[in-house]
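The values are calculated or read from the model by the stated rules, or taken from the named source; none is laboratory data. What you see is a predicted model, and the numbers here were worked out from it, not measured in a lab. A quick note on method: Cβ atoms are made from the backbone with ideal geometry, for glycine too, and the neighbour counts reach across all protein chains shown.
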2 protein chains.
Amino acid sequence: MPVNYSPAASLLPVKGIRLSSLDANIRYKHDRDDLTLIEISEGSSVAGVFTQNAFCAAPVKVCRDHLQQEDYIRYLVINAGNANAGTGEEGMTSAQMICAEIADETGTALNSVLPFSTGVIGEQLPYWKIVDRVEELVEKLDAHNWMTAAKAIMTTDTTMKALSKTVEIDGKTVTITGMTKGAGMIEPNMATMLAYVAIDAGIEQDMLQTILNQAVSASFNSISVDSDTSTNDALMLIATGQSGVNLNEVSDLDKNTIIGLIHSTCIELAQAIIRDAEGATKFVTINVEAAPTPSYAKEIAYSVARSPLVKTALFASDPNWGRLLMAVGKAPVKDLDVSKISLWLGETLLLENGQPADSYTEELGQAEMDKEEITVRINLNVGEAKAHVWTSDLSHEYVTINADYRS
Amino acid sequence: MPVNYSPAASLLPVKGIRLSSLDANIRYKHDRDDLTLIEISEGSSVAGVFTQNAFCAAPVKVCRDHLQQEDYIRYLVINAGNANAGTGEEGMTSAQMICAEIADETGTALNSVLPFSTGVIGEQLPYWKIVDRVEELVEKLDAHNWMTAAKAIMTTDTTMKALSKTVEIDGKTVTITGMTKGAGMIEPNMATMLAYVAIDAGIEQDMLQTILNQAVSASFNSISVDSDTSTNDALMLIATGQSGVNLNEVSDLDKNTIIGLIHSTCIELAQAIIRDAEGATKFVTINVEAAPTPSYAKEIAYSVARSPLVKTALFASDPNWGRLLMAVGKAPVKDLDVSKISLWLGETLLLENGQPADSYTEELGQAEMDKEEITVRINLNVGEAKAHVWTSDLSHEYVTINADYRS
């Protein structure tokens, strides 16, 4: 069960985007759709960020190649159930076969199709199951299919994660809709996470990539479930321009509104992943402040967020705050002056300038730990930089899910 | 239950070392001894390595100070049940009070006593419970108390971990006995691990520290249970010289024999920690070879050893070897050429030069995964350096132990 998360009751169409999904029997369990096609109207801009894992999957390589070779991306094809990773040259061929079939069926260039896969690593993708259904996928394309697509891209997710927002600019409505999947193997470098965000404002390619990079840093690259980094992650941001609102033609205020819309959509999707993290019973925010640099702050935040002992204490609602000290102290940063550190669990002061707080009682700590939403605040008192990481706890359910994933 | 590990039936006295233990009621459960004193004869050399955690515990600070100020260490005092970490100035005073009482009772210098603590972090150490029992501890000192001491230093350990070895040199018997505790929070930088190794060969202080540093690199700094790093870890190596064999006076061959005895003792103790790791059901060796540098190899070995998804697959005996690729690929090393990597699970080839091995079958993978002792071999094919890490799997029992540790 996700922590304080209810899936959207409906999603808004984004002008210039059509979607379709069907059950192509790629997943082990054949109980729902697992194949999705997204059509992007001509003239749209598409920006992407991908996994940093050296063993990146075949579809990730194909995406990078196609984005480099082609200015206009027209189709995204996404399968769940098989990651097409660790599959060598055969896997590359499979990904290309799928793109070729879609290009052929729709009369577009091969390079304008991007493939995405998520699921088990190390097994060959049965690409023919996808190729056989392309005609049907294209026929079913419809602007109102975001809900079915958000469900079809799921793997171990317990809920679909998607949202829509709108804003009025110069009397026109700009709509953004985003969907994501991913519940484990989530870490800074975009782990087994797929996300697709489309906005009908017009944004030039270079600007779109810049906006995406900034948005990712504060959202998808500020979450951690288990410190593992997938071979397949990708986040795509699409701007169709079909609302008639163009970023280059609006006031600075409206420009910031549009960029803010993209940022908040990415943050809410990233938080949704943590709320639905494998086995999660807590939603935990680690805030590090007064650090010398943002990366210094983030190293400490991640050291706490990744610690199995912190995460099991969170699962047990045990105010065993010594584990927080341990996790701060083991962070790979230089010259950490523990005598300056103050530490809070929610509103409860644990440590002041490196000394245990006189005001702390076990009852106060327990009251904070009993909450579903927990914030840890770490003040280093040495600078002005800060960082945050959202994370979940480590439960029996996490072990169960990951010990049984393939069965 | 430890994996393929039976505790030693007996331990040999080391000339120049006497020990005593008793139940001082420091632990939550009062069902066994939790306080130990080790007496070291005059003229012995003592070398140590300590945690790298910035929030190191009060006793670690006191150890470092005393080792710097005093040439001859005469007493080590060890309590289980409370780590005296995160306890600020009050914790420093507690550690000093204990040392002062022992110095007073034995007529030695304050600086010749080293304190060690292990257990819960963030609670003040009831030092008076220790001070009150010092007289009794000193009275009980005996060369034959290694077994009781090895049990008294345990926390969540399910078995005592200790061993003795002997070697004949120039007609004299050199004896080494070592004991260690630690089952969770075990990581490269010496986590919640205490180890005491004594040999009755004579070895000068500087040489002893050099031997210890080398031995640690291949043993205690090559293991990982959960990637957490404790505030309290310490490994002490004592050379009493009372066997009459001195490292400076023997042949190069005998010198290597003595150093080898220390190395193999450290390796066996470190492996015992992994065999008794919290919730462990597997003993796993990660070998990385043909790497550009040893540290490059070790980063990759640790990336695999630390991965929760690899560890849950090991727990499930699931040959989901894609997770191994993922874990290799996410290692924080530069210019990893995956097209050169070959990978074996036991004797079974999974990947050859970055391509899935044609010879692999699920049955072969399953047969390897069903074993209690599993070896993963990763050949990078780019250099001549290598590294190993020993690790355990991630089980339900790990979560249970760490969610319940204080109760």
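The table below lists the values:
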{"quantity": "Hey, B:THR118 of a type in the set (Ser, Thr, Tyr), touching a Gly at 6+ places or on another chain (Cβ under 9 Å) and at pLDDT below 90 or not", "calculated": "no"}
{"quantity": "Of all residues making up the stretch A:24-46, the number that are in contact with a strand residue (DSSP E or B) (Cβ under 8 Å, 6 or more places away or on another chain), under 17 Å from A:ALA143 (Cα atoms) and not hydroxyl-bearing (Ser, Thr, Tyr)", "calculated": "5"}
{"quantity": "Selection within the stretch A:107-132 - farther than 14 Å from A:ASP65 by Cα, in a helix (DSSP H, G or I) and without any contact (Cβ under 8 Å) to a residue 60 or more places away in the chain", "calculated": "A:TYR127, A:TRP128, A:VAL131"}
{"quantity": "Elements of type strands (runs of 3 or more DSSP E) in the stretch A:234-346, at least 1 residues being within 24 Å of the chain's Cα centre (by Cα)", "calculated": "A:234-239, A:283-291"}
{"quantity": "Residue among B:GLU268, B:GLU278 that is closer than 24 Å to B:ALA215 by Cβ and either within 14 Å of chain A (Cβ to nearest Cβ) or modelled with pLDDT of 90 or more (or both)", "calculated": "B:GLU268"}
{"quantity": "Some residue of the stretch B:75-96 being out of contact with any strand residue (DSSP E or B) (no Cβ under 6 Å at 6 or more places or on another chain) and away from every other protein chain (no Cβ under 14 Å)", "calculated": "yes"}
{"quantity": "Unmet requirement for B:ILE341, which otherwise passes all of (1) within 29 Å of B:PRO2 (Cβ to Cβ); (2) touching a Gly at 6+ places or on another chain (Cβ under 8 Å); (3) buried (at least 24 other Cβ atoms within 10 Å of the Cβ); (4) of a type outside the set (D, E, K, R)", "calculated": "(1)"}
{"quantity": "Selected residue (only one of A:ILE378, A:ILE374, A:ILE401 is part of a strand (DSSP E or B) and either within 12 Å of another protein chain (Cβ to nearest Cβ) or surrounded by 22 or more Cβ atoms within 10 Å (Cβ to Cβ) (or both))", "calculated": "A:ILE378"}
{"quantity": "Criterion: crowded, with 21+ Cβ neighbours inside 10 Å and either of a type outside the set (S, T, N, Q) or closer than 28 Å to B:LEU212 by Cα (or both) - qualifying residue of B:ARG64, B:ARG133, B:ARG74", "calculated": "B:ARG74"}
{"quantity": "Breaking point among (1) buried (at least 24 other Cβ atoms within 10 Å of the Cβ); (2) of a type outside the set (A, V, I, L, M, F, W, C); (3) in the same structural domain as B:ALA47 (by TED's automatic domain parsing), for B:SER307", "calculated": "(3)"}
{"quantity": "Qualifying residue in the stretch B:236-259 (condition: under 30 Å from A:ASN320 (Cα atoms), assigned by TED's automatic domain parsing to the domain that holds B:ILE169, touching a helix residue (DSSP H, G or I) at 6+ places or on another chain (Cβ under 9 Å) and of a type outside the set (Phe, Trp, Tyr))", "calculated": "yes"}
{"quantity": "Test: residue in the stretch B:226-233 that is crowded, with 24+ Cβ neighbours inside 10 Å, out of contact with any helix residue (DSSP H, G or I) (no Cβ under 6 Å at 6 or more places or on another chain), at pLDDT 90 or above and within 25 Å of B:ALA95 (Cβ to Cβ)", "calculated": "no"}
{"quantity": "Residue in the stretch B:264-280 that is in contact with a Leu (Cβ under 6 Å, 6 or more places away or on another chain) and outside the structural domain of B:GLU363 (by TED's automatic domain parsing) present", "calculated": "yes"}
{"quantity": "Residues of the stretch B:381-394 classified as of a type outside the set (Asp, Glu), within 21 Å of the chain's Cα centre (by Cα) and either at the interface with another protein chain (Cβ under 8 Å from one of its Cβ atoms) or part of a loop (DSSP other than H, G, I, E, B) (or both), total", "calculated": "2"}
{"quantity": "Residue match in the stretch B:336-355 (condition: at the interface with another protein chain (Cβ under 9 Å from one of its Cβ atoms) and β-branched (Val, Ile, Thr))", "calculated": "yes"}
{"quantity": "Any hit, the stretch A:153-169, residues being of a type outside the set (Val, Ile, Thr), surrounded by fewer than 18 Cβ atoms within 10 Å (Cβ to Cβ) and outside any strand (DSSP E or B)", "calculated": "no"}
